[in-house]
Amino acid sequence: MVACLAVLCSCSSNGPEAKQARVGPLEPPGAATPIKKHPLTKYIELVGFRISESGAAKLRVKFAVVNHSDADIGDLEVKVRLTTSAAKPGQEPITEFEAKVPSLGPEEVKDVTATAPTKLRIYELPDWQFIRAEFEITSPAP
């Protein structure tokens, strides 16, 4: 009985190797990746992108902006680029657009809606889980 218990304990995956495998940077799935460094980039997250058709060659893009800091952040302007998860380097994006983000309080989340140009029709757009976003804070200047 003791021998069986010793064998079972030695086969456990709760050893140091298991703990090391779980360590690493966590990136939220579906969150936009910053393109260029800006002092506010470490506090701002763009998530939850939803796309709908807004007319001929126009999309309505809705997403949420999160302020992860404990301070107020004034009005922002961001440039966003949406691609697919299967996009190859240099491939044309689904769309690129600029959006204005109203001031955010500490740890606040706000919904933002923008209109964006596209060459694709709504039935050609990928499902939400296959959209990848990149963003750059263009205002205020760093």
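The values are calculated or read from the model by the stated rules, or taken from the named source; none is laboratory data. None of these values were measured; they are calculated from a predicted model. Note: ideal-geometry Cβ built from the backbone for every residue, glycine included; neighbour counts use all protein chains shown.
Would you please name the residue that is modelled with the highest pLDDT, looking only at residues in segment 11-46 that are of a type in the set (D, E) and not in a loop (DSSP other than H, G, I, E, B)?
For segment 11-46, the residue satisfying everything is E45.
Taking segment 52-110 only, how many residues are in a loop (DSSP other than H, G, I, E, B) and touching a strand residue (DSSP E or B) at 6+ places or on another chain (Cβ under 8 Å)?
Residues meeting the conditions: 15.
If you go through segment 96-111 one residue at a time, do you hit one that is more than 18 Å from L40 (Cα to Cα) and surrounded by 14 or more Cβ atoms within 10 Å (Cβ to Cβ)?
yes
Does segment 55-76 hold any residues that are within 25 Å of L125 (Cα to Cα) and in contact with a Pro (Cβ under 8 Å, 6 or more places away or on another chain), and which are they?
Those that are within 25 Å of L125 (Cα to Cα) and in contact with a Pro (Cβ under 8 Å, 6 or more places away or on another chain): A57, K58, L59.
Does segment 114-139 hold any residues that are in a strand (DSSP E or B) and either within 15 Å of the chain's Cα centre (by Cα) or surrounded by fewer than 12 Cβ atoms within 10 Å (Cβ to Cβ) (or both), and which are they?
P117, I131, R132, A133, E134, F135, E136, I137
Say we look at segment 47-77 and pick out the residues that are more than 22 Å from Q129 (Cβ to Cβ) and hydrophobic (A, V, I, L, M, F, W, C); which of these is modelled with the lowest pLDDT?
Among residues in segment 47-77 that are more than 22 Å from Q129 (Cβ to Cβ) and hydrophobic (A, V, I, L, M, F, W, C), the one modelled with the lowest pLDDT is A56.
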